[in-house]
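Note sheet for the following structure.
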Amino acid sequence: MTKKAGSTSTSMEKMQATLSRRYAAEKRFQSYGVIAIVLAMAMLVTLFATIIGTGYTAFWQYTVRLDVTLYPQDIDPDGNRDPEVLAKADYQSAIKDALYSLFPEATSRQDRSAVRALISPGANFVLRDKVLDNPDLVGQRVSVRVPLASDFDQVLKGNIDPDVNFDVIEERSTDIPWSLPPDERLITEKQAGYLQQLIRQGEVEASFNIWFFTNGDSRQPELAGIWGAAVGSIFTLMVTLALSFPVGVAAAVYLEEFAPKNRWTDIIEVNINNLAAVPSIVFGLLGLAVFLQFFGLPRSAPVVGGLVLTLMTLPTIIIASRAALKSVPPSIREAALGVGASKLQTITHHVLPLAMPGMLTGTIIGMAQALGETAPLLMIGMVAFVVDIPSSPLDAATALPVQIYLWSDSPERGFTERTSAAIMCLLGFLILMNAAAVLLRKRFERRW
């Protein structure tokens, strides 16, 4: 009896030891999961902090106020207020005269060259747009704010010289504390003195950078904006959605509800799954060979980009749509067929409405994937430098990811912050699209 009791006690101890090891292993596994999540979140926070820390300064711009006299003989000699004449007028001379009036002591050619370098070379376009919006300004003295040149804007933001920032200059200091030797400075001491003089006179002001959201691309960082690329992306996604959604849903409905289960449909399903894993640049090569070289469609046009992205997103939409159709209970089909509905009526009136939330979710995810693609668009020429805002899907355009790629390769310091700011805008669009997909599923999803 004692021997049996001792054997039972030993077995219980072994079982407790085994359970303890299992519980310890489970706790370690949970700890690994928590550590993985913490590491992922830390990397994500680091990524966002780097992007935001670099790009948030692009959302404001330092400008200079100039009092410009628009002489009729220079701007509109005929007095007809013809938009074509106003657009071709010599606004550069009016800008220079207004700028020189702020520095009467700058009389030599070298000094005036240093003064002209303070403002953006595209300041005349700002004045031109102001006159085109209100032609009655011709003959008057108007106040206009023009952007500082990129180097001076970056100095005031503290992005070029760590010792030169807006706080130091705001204190009306008389000497800029340079940390770089003269041969490594992007601006001269004379230009820095002119800049301080403008600040002391209250002519320099930091304001919301509306040009970043309304302009197209530009060689000058202070005038470059994302609107042209955003419109190109919108046109491209419109073409992609108009083609991929109906084709993808129709293919999913046929494969899931009507196609016979044989070798050919198995081959089609395997190919669809494989196409979802094909690198996106392969679709770009396909678009280059088929749409541009064979069909002769316009190069660098959103319609071609939409066709290429349609091919890329179709597998994603088909797979998501088939999964949504499979999630509809068979009892729905059986009930519809039992009351005399045809196969087509069952699908269109009962199955599709119930599967549509999942289909739309997959479509939005596919569109978000298409919005962030760059490689296929590079292959079809949407990497071109496009200043004008496209007005139709047939106009030459670029896309937001391609614009980010172009700016990241530019040597000017001002494009660094604009690259990060454009990434922030693109991430914002992607987050909104994915949030819309989640809300759509939560709103229309039914529990069975």
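Please treat every number below as a calculation from the coordinates, not as lab data. Note that this is a predicted model, so its numbers are computed, not measured. All Cβ positions, even for glycine, are placed from backbone atoms using ideal geometry, and neighbour counts span all protein chains on display.
Taking Lys and Arg as +1 and Asp and Glu as -1, the other residues whose beta-carbon sits under 14 Å from that of Ala251 total -2. Once C-alpha pairs closer than 8 Å and six or more residues apart are averaged by separation and normalised to the residue number of the stretch 329-448, the relative contact order reads 30 percent.
Computed as a quarter of the hull surface, the mean projected area of the alpha carbon convex hull for the chain stands at 40.2 nm².
Arranged from fewest to most other beta-carbon atoms within 10 Å of their beta carbon, Glu269, Glu105 become Glu105, Glu269.
Please state, as a whole number in µm²/s, the translational diffusion coefficient that the Stokes-Einstein equation yields for the stretch 2-56 at 10 °C and 1.306 mPa s, with Rh defined as the Kirkwood radius across alpha carbon pairs. Stokes-Einstein gives a translational diffusion coefficient of 106 µm²/s.
Restricting the calculation to Cα atoms, every distinct pair contributes to the Kirkwood radius of the stretch 255-353, found to be 16.1 Å. Positive contributions from Lys and Arg (+1) and negative ones from Asp and Glu (-1), summed over other residues with Cβ under 14 Å from the Cβ of Asn80, come out at -3. Under the simplified labelling scheme, the Tyr254-Asp74 pair shows an inter-label distance of 6.7 nm, with each label point 7 Å from Cα along Cα→Cβ.
Calculate the FRET efficiency for Leu39 and Phe295 from the Cβ-Cβ distance with a Förster distance of 60 Å, rounded to the nearest 0.05. The formula returns an efficiency of 0.80 here.
Taken along the Cα-to-beta-carbon direction at a fixed 7 Å, the label points for Ser327 and Ser143 span 5.9 nm. The overall shape of the stretch 12-121 is prolate: from the C-alpha gyration tensor, with semi-axes ordered a ≥ b ≥ c, the ratio a/c is 1.5 or greater and a/b exceeds b/c. Between the stretch 75-143 and the stretch 219-245, how many Å separate their Cα centres? The distance from the Cα centre of the stretch 75-143 to that of the stretch 219-245 comes to 31 Å.
Based on DSSP H segments of at least four residues, each scored -39500 (n - 2.57), the chain has a per-residue ellipticity at 222 nm of -19500 deg cm²/dmol. The simple Förster model, with R0 at 41 Å and r as the Cβ-Cβ distance, assigns Thr214 and Arg112 a FRET efficiency of 0.85.
About the centre of its Cα atoms, the chain shows a dipole size close to 3220 debye [charges on the beta carbon of Lys, Arg (+1) and Asp, Glu (-1) only; nearest 20 debye]. Sorting Trp407, Trp211, Trp60, Trp264 from the fewest to the most surrounding beta carbons within 10 angstrom yields Trp264, Trp60, Trp211, Trp407. Label separation (Arg65 vs Val85): 3.2 nm, computed from points 7 Å beyond Cα along the C-beta direction. Between the Cα long axis of helix 189-200 and the first principal axis of the chain there is an angle of about 90°, rounded to the nearest 10.
The angle between the Cα long axis of helix 123-133 and the longest principal axis of the Cα atoms of the chain comes to about 80 degrees, rounded to the nearest 10. Exposure proxy shown here: for Ile404, Ile318, Ile365, Ile431, the number of other Cβ atoms within 10 Å sets the order, fewest to most, as Ile431, Ile365, Ile404, Ile318. Contact order, relative form, for the stretch 193-336: 27 percent (alpha carbon pairs under 8 Å, 6 or more residues apart, mean separation divided by residue count). Once the Cβ-Cβ distance of Arg21 and Arg441 is raised to the sixth power relative to R0 = 35 Å, the FRET efficiency obtained is 0.25. Apply the a/c threshold of 1.5 to the C-alpha gyration tensor of the stretch 357-432 and tell me whether it is rounded, prolate or oblate. Judged from the Cα gyration tensor, the stretch 357-432 comes out oblate (a/c at least 1.5, b/c at or above a/b). Of the residues Pro260, Trp60, Ala206, the one whose Cα sits farthest toward the positive end of the charge dipole of the chain, with +1 on the Cβ of Lys and Arg and -1 on the Cβ of Asp and Glu, is Pro260.
Compared with the alpha-carbon gap, the fully stretched path from Ala341 to Ser391 is longer by 13.3 nm at 0.36 nm per residue. Each other residue within a Cβ distance under 11 Å of Ala106 adds +1 if Lys or Arg and -1 if Asp or Glu, for a net charge of +2. Mean separation of Cα pairs under 8 Å and 6 or more residues apart, divided by the residue count, gives the chain a relative contact order of 18 percent.
Positive-end ranking of Ser120, Ser300, Val131 along the dipole of the chain, with charges on Cβ about the Cα centre, is headed by Ser300.
For the stretch 399-438, backbone nitrogen atoms closer than 18 Å to the point 7 Å from Gln369 Cα along Cα-to-C-beta are found at 401, 430-438. Note on the stretch 314-446: Kirkwood hydrodynamic radius from all Cα pairs is 17.9 Å, rounded to one decimal.
Compared with the alpha-carbon gap, the fully stretched path from Ile51 to Asn274 is longer by 76.9 nm at 0.36 nm per residue.
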